[in-house]
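All remarks here apply to the structure that follows.
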Amino acid sequence: MRTVLVSDPSERLLSLEGVRKSYATGEGPVQVLAGVDMNLAPGESLALTGESGSGKSTLLHLAAGLDSADEGRIVVAGHDISQAGDTERARLRRGTVGLVFQQFNLIPSLDVAANLAFQARLAGRHDPEWQAELADALGLTACLHRYPEQLSGGQQQRVAIGRTLAARPRLVLADEPTGNLDEATGDAVMALFLRLVSQTGAGLLMVTHSTRLAGRLHGRLQLSAGRVA
Amino acid sequence: MRVALAALLSHWRRSPLQLAMLLLGLALATALWSGVQAINAEARASYAEAAATLGQDRLARITAQGPIPQETYVDLRRAGWRVSPVIEGRVRIDERRSLRLIGIEPLTLPAPAQQVEFGEGDALLPFLTAPGLIFAAPETLARMEGADLPPLREAQGIPPGTGLIDIGQAQRLLRMEGLVSHLLLDPDAPRPGELPEGLRLVPPDSESDVARLTDSFHLNLTAFGLLSFAVGLFIVHSAIGLAFEQRRPMFRTLRALGVTARTLTGLLLAELVLFALLAGVAGLALGYLVAALLLPDVAATLRGLYGAEVPGTLAFRPGWAAAGLGIALLGTLVSASQSLWRVAHLPLLAPAQPRAWAVASERALLRQAAAAAGLLILAGALLLWGRGVVAAFVLLAALLLGAALLLPVLLAGVLRLAQRAARGPIAQWFWADTRQQLPGLSLALMALLLALAANIGVGTMVSSFRLTFTGWLDQRLAFELYLSAPDQVTADRIADWLEPRAEAVLPIVRAETEVLGQPAQLYGMADHATYRENWPLLAEEPGVWDRLAGGDWALVNEQLARRERLAPGDPIRLPGWEGRIAAIYSDYGNPSAQVILGIDRFFALHPEAERRRYGIRVAPARAEALAEELRAAFDLPDETLIDQASLKGFSLQVFERTFAVTAALNVLTLGVAGLAMFASLMVLSGMRLPQLAPVWAMGLTKARLARLEMLRTLLLASGTLVAALPLGLALAWVLLAVVNVQAFGWRLPMHVFPLDWLTLGALALGAAALAAAVPVRRLARLRPADLLRVFANER
């Protein structure tokens, strides 16, 4: 296992301290995260690995402000979101964070061009030239006026990546972005993704099961039973 | 097969709300339809009973133009005619109650007319001797409690609101001593010769006049019931369609595991039949309740408008229940036919994901637009060339259905334009997403459109009718007092007495006649300013009143003019008279043809006509005092003298009751449409998460998403309301200018009431907001974990 890269505290883009999270189930509460500490610097990329149920996705969701922790401190780009309300966390997602999911989660009612522009326009950072560059780099120029349901899985994931990067987020959070694609397509999409993330200078935290993919990032964080192993 | 059925039914266990909506929609549709049918069945049974009273459906009658003197009856008996006298009339009990009395002579009554079993004479003696005995139906007995009448005794088979009594007692109670209404002819006895002049033989009639008169009224009710049923079926269609789409992967799995297409379709059909029967029974119970609640108003309307007696209580008829279950079953199968066809033709190897149910293809919209255009063309053709009440209702159905099908096409177009014009990303997403929701909501919106249009249309018709009717009553009821003297001698004495006390005393004289081969009422009209200034003329020749007074011209009512396509200036012929039409006048509420001649010409044709009825002009402030003096001077019973205000009040009361039923059905239909909206929004809300979660993840709060969801519902409801306005007005126009003319023979001018639209608009938006409130609240209160499941692919 490669060592976890610990960033200089003054340059932290994402910082988690003693983060705990549990979910209520029919059989009582289940602790998913049991005190996680981690840091990520701008431009740094980190793979989040671990067996199923180890809390990878939960950690990613907390970092994105999609959910709130039971305990601990989460700081994103200098903002402590641990106690932040719904509106503040929504503002953070809109302006600072970019999310890429395994399920693509495109907006089915908008065409590819509108999907690509959507988050950038929400963040108030829409740059048509950069979007065109991205569309070209992702091989989407020919299908800008198609709707998500008319695309293949690989194409849909490329649109999802393009949508995230078009907004130039400072922090990119990805949850197994190529998990739904075959190996060859997944490798091609991942290569593009990493190249473009590094081009924007964003920090990247990516959940993956693949050791091979994890090896292509700056560092790796292994979760086990809700703790950093 | 049992395993497959259990798998299919497991869907409903997991979606109880969907099942509840399906059953509720079907139950409501059945309830409104069968409720109306129960009312119609009850009324028709009463008409049949009335037609069979005293065997009138089997016995010929001898009648005259007015009451027959008792001596004529005696002369006929002496001449060998086996006839039995009957007297009919209404006796007023108090302000709110009256009783139709039929006086008979039990000893001469022909066998088929024996209505009451007099037993071993224990009833006959009290029946024949003072104070007499009245036989009546149980509900009539209950209604007459405390009335100042001879003793009442229960008897079956007598129409409601009617009492059977000895003719002598009836003559006394009706103040018609020495008179009979008609004579029943014994069918087994030979006829000794020709009838004396003035008497007429009327053959037996199996259908009462009332049944014929009320046909249009019942057709109106049926049409409303059908509309409510159609609106209810929108919910059913929506729920079934969605359930089928959601179970599509299950269908494929079952097929892949060896269940044949035929078995699968059969199982689904069995499931639907089970639901239809369950909801049908609930619908029948609800329908019975609706009918029981509405029947008193309907009965009052029929009594007021047509003099038809219908009991205010409802009987349970097995035929009605069977028909109700049948229509529930038929409605379910019609609603499910498209889905069943798809299942039967499901390709086994097609992708198993649910079809993009919420995405309407352009082709589907085009098909819908084409169907709508076809229906609207049919409506146009019926407007131009259709004849009769049925054609008028088919025109209404084609117009409503065509417009409903066109609604999603129009809304999709407007949303497309809005999306193009949108600037910000949220606005752009909002319009695009609304467009995507449209197919899922379109059935509910169509139901809302129909309910709103029916509301606007019927509301406009009723308000136009009320406005016209009130103005017309002011014109027609121009006399301050109306007198019906008990006999000619009293009438003459009263006329002389009134001469110095009133501004004018004008006779109202009437005879039966025949015009263009149909029976008609003939009136004689005095030449007086009261008529010249007030009579409601629709079309006229110049100098109409002078022409009428001259004797060679006549006035005809609108019904007759429309039926026979008559216009002012056209020739017209009556028995013994030939002339031209001077004018056409409005005559609302009267189903018969009517002709008016100048009073001199009238008496030249009908010298026998009695002058017992008068219209009295007097200063309005003096009217009440004069009436009191008149009653005191001649010992007149209350009903002989009616003042204008009471008559107007009574007419307006009848009018309001007539439309009370319509208003109730209107509100119920709107309620069903609101429920359809609620059902669709609730069902869709469960499917919305994958569409909303990404937008939430990208930085829109749940509260904002909830607000946008509410705004979307309100915008769609507003769009539907805007579309409902012209449709409602078109509906009102068809009701006023086509249905009314075909059903009743008169046409009403249309008035618009924008304030009513504002009220309805607020009500509709309120209903839409209420329907959206639960799903929106649910969205605003979603836990992040619920939304995160979308990303974790755990749904």
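The values are calculated or read from the model by the stated rules, or taken from the named source; none is laboratory data. From a predicted model like this one, the values you see are computed outputs, not experimental measurements. Cβ atoms come from the backbone with ideal geometry, glycine included; neighbour counts cover every protein chain shown. The accessibility values were calculated without ligands, DNA or RNA, using every heavy atom of the protein model including side chains. Shrake-Rupley method; radii C 1.70, N 1.55, O 1.52, S 1.80 Å.
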- line: Sorting A:Cys143, A:Ile107, A:Pro128 by the position of each Cα along the dipole of segment A:75-166 (Lys, Arg +1; Asp, Glu -1; all at Cβ), the one nearest the positive end of that ordering is A:Ile107
statement: Rounded to 0.05, the calculated FRET efficiency for the beta carbons of A:Glu51 and B:Arg707 at R₀ = 35 Å is 0.30
Long-range HN-HN contacts of A:Val228 with modeled amide H, under 5 Å: A:Asp37
query: If r is the Cβ-Cβ distance from B:Gln114 to B:Glu197 and R0 is 35 Å, what FRET efficiency results, to the nearest 0.05?
result: 0.65
statement: So the carbon and sulfur contribution to the accessible area of the protein assembly as shown, 1.4 Å probe, in percent, is 57
task: Have a look at segment B:664-692 and report residues whose accessible surface goes down by 10 Å² or more when the remaining protein chains are included, against the chain on its own, probe 1.4 Å, ligands and DNA/RNA excluded.
output: B:Gln691
message: What do you get for the angle between helix A:86-95 and the principal long axis of chain A? Use alpha-carbon atoms, 0 to 90 degrees, nearest ten.
response: 50
- prompt: By how many nm would the segment from B:Ala292 to B:Leu269 lengthen if fully extended, with 0.36 nm per residue of separation less the alpha-carbon distance?
  reply: 4.9 nm
- request: State, as an integer percentage, the relative contact order of chain A based on alpha-carbon contacts under 8 Å between residues 6 or more apart.
  value: 31
statement: Note on segment B:481-617: contact order normalised by length, alpha-carbon pairs under 8 Å, 6 or more apart, percent, works out to 40
statement: Ranking B:Tyr73, B:Asn40, B:Leu8 by how far each Cα lies towards the positive end of the charge dipole of the protein assembly as shown (+1 on Lys and Arg Cβ, -1 on Asp and Glu Cβ), the top one is B:Leu8
statement: Computed about the Cα centre, the charge dipole of chain B from +1 Lys/Arg and -1 Asp/Glu charges at the Cβ has a magnitude in debye, to the nearest 20, of 6240
message: Are there any residues in segment A:53-77 with a reduction of at least 20 Å² in accessible surface when going from the isolated chain to the assembly of protein chains? Probe 1.4 Å, please list them by number.
response: A:His61, A:Leu66, A:Asp67
task: Starting from the Cα gyration tensor of segment A:109-198, take the square roots of the eigenvalues, sort them a ≥ b ≥ c, and report rounded, prolate or oblate (rounded when a/c is under 1.5, otherwise prolate if a/b is larger than b/c, else oblate).
output: oblate
statement: Taking only protein heavy atoms and a 1.4 Å probe, the highest-to-lowest accessible-area order of B:Thr720, B:Thr468 is B:Thr468, B:Thr720
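Per residue of B:428-437, count partner chain C-beta atoms within 10 Å of its C-beta, then hand back the mean as an integer. List each step's numbers first, then the result.
Working: counts 7, 8, 1, 1, 7, 4, 1, 1, 5, 1.
Across B:428-437, the average partner-chain Cβ count within 10 Å equals 4.
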message: With only alpha-carbon atoms in the gyration tensor, what are the semi-axes of the equivalent ellipsoid for the protein assembly as shown, in Å, largest first?
response: 81, 30, 24
query: Mind checking which of A:Pro169, A:Pro29, A:Pro177 has the largest fluctuation in a GNM of chain A, springs on alpha carbons under 10 Å?
result: A:Pro29
message: Between B:Leu755 and A:Asp182, what is the label-point separation in nm under the 7 Å Cα-to-beta-carbon projection?
response: 7.3
field: Nitroxide proxy distance, nm - points 7 Å out along Cα→Cβ at A:Ala24 and B:Arg175
entry: 8.1
message: Quick check: net charge around B:Ala583, other residues with Cβ under 13 Å of its Cβ, Lys/Arg +1 and Asp/Glu -1?
response: -3
message: How much length would be gained if the chain were fully extended between B:Val489 and B:Val74, taking 0.36 nm per residue of separation minus their Cα-Cα distance, in nm to one decimal?
response: 147.1 nm
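Just counting partner chain Cβ atoms within 10 Å, what average do the residues of peptide A:107-120 show around their Cβ?
Counting other chains' Cβ atoms within 10 Å and averaging over A:107-120 gives 5.
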- line: Of segment A:57-76, those with amide N under 17 Å from the point 7 Å along the Cα→Cβ vector of A:Glu17 are A:63, A:69-76
- line: Taking 0.36 nm per residue of separation between B:Arg580 and B:Ala762 and subtracting their Cα-Cα distance, the length gained on full extension comes to 60.2 nm
query: Quick one: net charge of B:Leu483's neighbours, Cβ under 9 Å, K/R +1, D/E -1?
result: +2
- line: Measure of exposure for B:Leu141: accessible area at 1.4 Å probe, Å² rounded to 10, is 40
task: Take the alpha carbon atoms of segment B:475-548, find their center, do the same for segment A:129-167, and report the distance between the two centers in whole angstrom.
output: 87
query: What does the charge dipole of the protein assembly as shown about its Cα centre add up to, to the nearest 20 debye, if the Cβ of each Lys and Arg holds +1 and the Cβ of each Asp and Glu holds -1?
result: 5660
message: So if I average 1/r over every pair of distinct C-alpha atoms in chain B and take the inverse, what Kirkwood radius in Å does that give?
response: 30.8
Residues whose placed amide H lies under 5 Å from that of A:Val207, excluding near-sequence neighbours: A:Leu48, A:Ala174, A:Asp175, A:Glu176
statement: Helix B:702-734 sits off the longest principal axis of the Cα atoms of chain B, rounded to the nearest 10 on a 0 to 90 degree scale, by 30
- line: Note: A vs B interface, total accessible area buried (1.4 Å probe; ligands, DNA, RNA excluded), nearest 100 Å², is 2400
query: Sorted by mean Cβ packing within 10 Å, highest first, what order do the peptides B:267-273, B:569-575, B:160-166 take?
result: B:160-166, B:267-273, B:569-575
- prompt: How much of the calculated P(r) for chain A lies past 22 Å, in percent of all Cα pairs?
  reply: 50
task: Pick out, from B:Pro425, B:Ser484, B:Ala454, the residue whose Cα sits farthest towards the positive end of the charge dipole of segment B:416-527, with +1 on the Cβ of Lys and Arg and -1 on the Cβ of Asp and Glu.
output: B:Pro425
field: Cα-based helix-to-principal-axis angle, B:388-421 vs chain B, degrees rounded to 10
entry: 30
Projected label distance in nm at A:Gln83 and B:Thr470, using a 7 Å step from Cα toward the beta-carbon: 6.6
- request: Enumerate the aspartates and glutamates that A:Lys56 could reach by cross-link, defined here as Cα to Cα under 20 Å, with residues fewer than 8 away along the same chain left out.
  value: A:Glu17, A:Asp37, A:Glu44, A:Asp67, A:Asp70, A:Glu71, A:Asp175, A:Glu176, B:Asp786, B:Glu794
- request: Enter the mean projected area of the convex hull around the alpha-carbon atoms of segment B:481-617, in nm², rounded to one decimal.
  value: 8.2
- request: List, largest first, the extents of the alpha carbons of segment B:58-204 along their principal axes, each in whole Å.
  value: 48, 35, 27
query: Based on the Cβ-Cβ distance of A:Asp127 and A:Gln150, what FRET efficiency does E = 1/(1 + (r/R0)^6) give at R0 = 22 Å, to the nearest 0.05?
result: 0.25
message: Under 8 Å for C-alpha pairs, at least 6 residues apart: give me the relative contact order for chain B, rounded to a whole percent.
response: 16
